[in-house]
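The values are calculated or read from the model by the stated rules, or taken from the named source; none is laboratory data. Note that this is a predicted model, so its numbers are computed, not measured. When we count neighbours, we look across all protein chains shown, and the Cβ atoms used for this are built from the backbone with ideal geometry, even at glycine. Note: accessible area is taken over every heavy atom of the protein model, side chains too, but ligands, DNA and RNA are not part of it. Shrake-Rupley method; radii C 1.70, N 1.55, O 1.52, S 1.80 Å.
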Amino acid sequence: MTQQGAVLQGYNNELVKCIEDLCMQREELSKQIQQAEEERNKLQHEIQVLSEQLEHVCENLAQKVASRNELDKILAETEAAYMKILDSSRTLLNVLKKEVGSLRHSPDLK
């Protein structure tokens, strides 16, 4: 019976050691879980900050593109009006040259 008691004591010691090992593994795993949760929270915060920055940049970009488009429109209209002025100036110059030429040939000026 003493031998059975010794065997039982051996099993008990081994069982206690296994339980202690499992407890240590659990504690280590809990620490890893906590670290992973902290990292996840940190990354989620960074994503939120970056998302807000991205939204701001996109809004800013949209405003700048709209302003550039408006400037393109104004430039096109201004260039078209300027071309009309140039054309009118050329026409005026041609008419003036003809008038001056016909005045030179006019018998009243001789």
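Set Lys and Arg Cβ to +1 and Asp and Glu Cβ to -1, take the dipole of the stretch 1-91 about its Cα centre, and tell me which of Leu8, Gln44, Gln32 lies farthest positive.
Working it through, the farthest residue towards the positive pole turns out to be Gln44.
If I model a spin label as a point 7 Å beyond the Cα along the Cα-Cβ vector, how far apart are those points for Ile47 and Leu75 in nm?
With each label point 7 Å from Cα toward Cβ, the separation is 4.1 nm.
In whole Hz, with x marking every Gly and Pro, tabulate ³J(HN,Hα) for the stretch 60-73 from phi via Karplus 6.51 cos²θ - 1.76 cosθ + 1.60, θ = phi - 60°.
Result, rounded to whole Hz: 4, 4, 4, 5, 5, 5, 5, 5, 5, 4, 5, 5, 4, 5.
Report Leu43's accessible area, 1.4 Å probe, all protein chains in place, as a number in Å² to the nearest 10.
The accessible area comes out at roughly 80 Å².
Compute the accessible area per residue over the chain, keeping the other protein chains in place, probe 1.4 Å, unit Å². Could the numbers behind the result be given before it?
Working: 10530 Å² over 110 residues.
Accessible area per residue: 96 Å².
For a test of the definition: using alpha carbon positions, the gyration tensor, and the 1.5 limit on a/c, classify the chain as rounded, prolate or oblate. Display every interim value, and only then the final one.
On the way: a/c = 18.11, a/b = 10.37, b/c = 1.75.
It comes out prolate by the Cα gyration axes.
Just the accessible area for His105, please: 1.4 Å probe, Å², rounded to the nearest 10?
Its heavy atoms expose roughly 140 Å² to the probe.
Can you run phi through the Karplus equation (6.51, -1.76, 1.60; θ = phi - 60°) for the stretch 78-93 and list ³J(HN,Hα) in whole Hz, with x for Gly and Pro?
Listing the rounded values in order: 5, 5, 5, 5, 5, 4, 5, 4, 4, 5, 5, 5, 4, 4, 4, 4 Hz.
Based solely on its DSSP helices, what 222 nm [θ] is calculated for the chain when runs of n ≥ 4 H residues each add -39,500 (n - 2.57) and the sum is averaged over all residues, nearest 500 deg cm²/dmol? Please list the in-between numbers first.
Numbers: 1 runs with 103 residues, N = 110.
Taking each H run of at least 4 residues, the total per residue is -36000 deg cm²/dmol.
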